[in-house]
1. Give the residues of the stretch A:19-40 that are in contact with a Lys or Arg (Cβ under 6 Å, 6 or more places away or on another chain) and closer than 22 Å to B:Lys401 by Cα, sorted by residue number.
2. Quick check on my filter: what residues within the stretch A:39-49 are aliphatic (A, V, I, L, M) and buried (at least 18 other Cβ atoms within 10 Å of the Cβ)?
3. Of (1) touching a strand residue (DSSP E or B) at 6+ places or on another chain (Cβ under 8 Å); (2) over 23 Å from B:Asp116 (Cβ atoms); (3) surrounded by 12 or more Cβ atoms within 10 Å (Cβ to Cβ), B:Leu151 satisfies all except one. Which?
4. Are any residues in the stretch B:253-282 touching a helix residue (DSSP H, G or I) at 6+ places or on another chain (Cβ under 7 Å) and farther than 19 Å from B:Val44 by Cα, and if so, which ones?
5. Restricting to the stretch A:80-113, name every residue that is more than 7 Å from chain B (Cβ to nearest Cβ) and closer than 14 Å to A:Ala125 by Cβ.
6. Taking B:Lys169 and the conditions (1) in contact with a Gly (Cβ under 6 Å, 6 or more places away or on another chain); (2) open to solvent by 30 Å² or more (accessible area, probe 1.4 Å); (3) not in a helix (DSSP H, G or I), which numbered condition does it fall short on, given that it satisfies the others?
7. Which of the numbered conditions does B:Phe317 fail, given that it passes all the others? Conditions: (1) more than 14 Å from chain A (Cβ to nearest Cβ); (2) touching a Ser or Thr at 6+ places or on another chain (Cβ under 6 Å); (3) closer than 21 Å to A:Tyr98 by Cα.
8. Looking only at residues in the stretch A:98-138 that are of a type in the set (Lys, Arg) and assigned to a loop (DSSP other than H, G, I, E, B), which one is surrounded by the most Cβ atoms within 10 Å (Cβ to Cβ)?
Amino acid sequence: MNEAMLALKGIVRSFPVAGKEELEVLKGIDLEIARGKFVSITGISGSGKSTLLHIAGGLDSPTRGDVSFNGKLLRELSDAEQSELRNTNFGFIFQFHYLIKELTAFENILLPSMIKNPKEDRERAGLLLEEVGLYARKDHYPNQLSGGELQRVAIARALVNSPRIIFADEPTGELDNENAEKVFRMLLDITGKYEHSLLLVTHNREFASEADESYRLHFGLLEKI
Amino acid sequence: MRYQNFLAGRFYKSKKGGFLSFISFISVIGIAVGVFSLIVVLSVMNGFTEDLTEKVIGTKAHIYISSMYGGIKDPFGTAERIKKLPGILGASPVSSSEIMIRDGDSVGGGILFGIDPESIDTVTDFGKYLIIGEPRDIKDGGAVIGSELALELSAGINDKITLISPNVKVTPSGAMVPKTVELTIKGVIKTGMYEYDKSFIYADLEDFNDLFDTGKGTATSLYVKIKDIYATRRYMDMISPLLSPGHYMRDWIDMNHNLFTALKTEKFVMGLILFMIIFVAGINIINTIVMLVQEKRKEIGILRALGSRSSGIKRIFLLQGAYIGAIGTAIGAFAGIITVVLIDVLNIRIPGGGVVYYLDVLPVRLKVLPDILVIIAGAMAISLVFSLLPASWASRIDPIKAIRHE
């Protein structure tokens, strides 16, 4: 295995539950993702897949354990440094597209680039729109696009800053089979083309099986499949 | 373009329709009404103060020189020496004292000014306020009386007026009777200050000296007019070495200290009360932004995931307050300035003006510095300070909770 780009060590995440002891969702997860690799995680609903993905992406903090990216511990980074890391090295795709309804498809894709630098990379945003087959819809607002199109725009948005790793949380969960297949293939093609690592959380075993490494989250622990 | 400005603009524009739009509109209107009221009211108060100042110093001097030992012995010589100083526009001897005016069987009070008709216009606006006659008409037993006094006495040009001095003379029979003088009305003055126009009488300085036995060629004071009316202290320091011991000086600010302090205090309190309107509008801004933050929780979460710093989120919502403040201030300032200009151009008459109030028309004076700038800066500062609270709250929203909120 190549040297780990993203490493999770002994990740524990518990949540307070009213009137009861804390609920431990993740019970000591170790996971390493190397550059350009595709890692999938499956598990039943409520097993903590999304929580694990959020912790790996620096959106949530573990109760115990460490997450490091290229050897740097995330917990030692300031808010500004963590934000910069998410902006330039991480890309997020969620089950729901979460596009900003006040912006066009093109502007939504451009947004991470604007956050990175006021002189945004419009060329790359346009290129990605073409790659997801929506250049003709660049000036359309989210309410003018279909579910599959929205998710394709979300993929392009996650890729605009050429991140090292894409965190995809059930990206096809809201789509019908045909669109789900189309979106998944597109995600694989683009991440493969640009050598992005991909951490995919999904219910779809077929998609999960195509990963370089597949895991199942079961009772708070990862089992390699 | 900075993404915060870009998103803030889009979020602001997106509030079309609905309760949030209504609250936002109310906030804008609140700021606008506050700014408008402040500009109009303070401009009227400025106009009032300036008009009053002009009238007060128009009929009186900028600097008064008096003597502790009765009158000034050589007022004309002293005036000539003072006039040679830089920045001195004029110096003229003036005497004044309270007198009684006999009108048939009734007697009323007044103030008699003994003036030098040749030089009085170098120190006051006496000639400007004369509605009938010329300053030189007071020579040889002539008098100029206030317009209200003329009405009260039903006196006209060339009518006789009898002035009674508090000084007494002893008759051959040994009786003590007040000194009187009969003057011919040669002119009427109207300053617009009711109190002045109702009681002021102007006569030649020598007629005054005869009536009061103050000695030929003397004056109770010397009026001095200067170039910069707010630098009286500097001029008084320059004049002081020219005066012999026993003379003292007072300026127009000292003489009218209570009046101008009251005006200044009134303006400050009025400004403070009107700023409360903007303060209340500021509270509306908090409501508007809290509601917007609540509506945009999901977007806040996704922006954090895309790499926006918490300070970036804060700026987006701070800008919402800035937009409300800027639009409200711009509307208020525009409407306020237009209103002030219209009041000025239309010469709006005050009901009862000239009788109940000393003014005939509503005076206005727009002061960009400091008034307009302080109002604009104050309204913007209140908008931003009140936006800070909800903007800080927005910046602390947990991205995961925000995304799951959906």
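1. Of all residues in the stretch A:19-40, those in contact with a Lys or Arg (Cβ under 6 Å, 6 or more places away or on another chain) come to A:25-26, A:30.
A:Val25, A:Leu26 - these are the residues of the stretch A:19-40 that are in contact with a Lys or Arg (Cβ under 6 Å, 6 or more places away or on another chain) and closer than 22 Å to B:Lys401 by Cα.
2. Hits for the stretch A:39-49 are A:Val39, A:Ile41.
3. Single failed check for B:Leu151: (1).
4. Hits for the stretch B:253-282 are B:Ile253, B:Asn256, B:Ile278, B:Phe279, B:Val280, B:Ala281, B:Gly282.
5. A:Gly91, A:Leu99, A:Thr104, A:Ala105, A:Phe106, A:Glu107, A:Asn108, A:Ile109, A:Leu110, A:Ser113
6. Evaluating B:Lys169 over (1) in contact with a Gly (Cβ under 6 Å, 6 or more places away or on another chain); (2) open to solvent by 30 Å² or more (accessible area, probe 1.4 Å); (3) not in a helix (DSSP H, G or I) leaves (1) as the failure.
7. (2)
8. Top of the filtered list is A:Lys138.
The values are calculated or read from the model by the stated rules, or taken from the named source; none is laboratory data. Please read these numbers as outputs of a predicted model, since none were measured by experiment. Virtual Cβ from ideal backbone geometry, glycine too; neighbours counted across all protein chains shown. The protein model used for the area step is the full one, side chains on, heavy atoms only, and it has no ligands, DNA or RNA in it. Shrake-Rupley method; radii C 1.70, N 1.55, O 1.52, S 1.80 Å.
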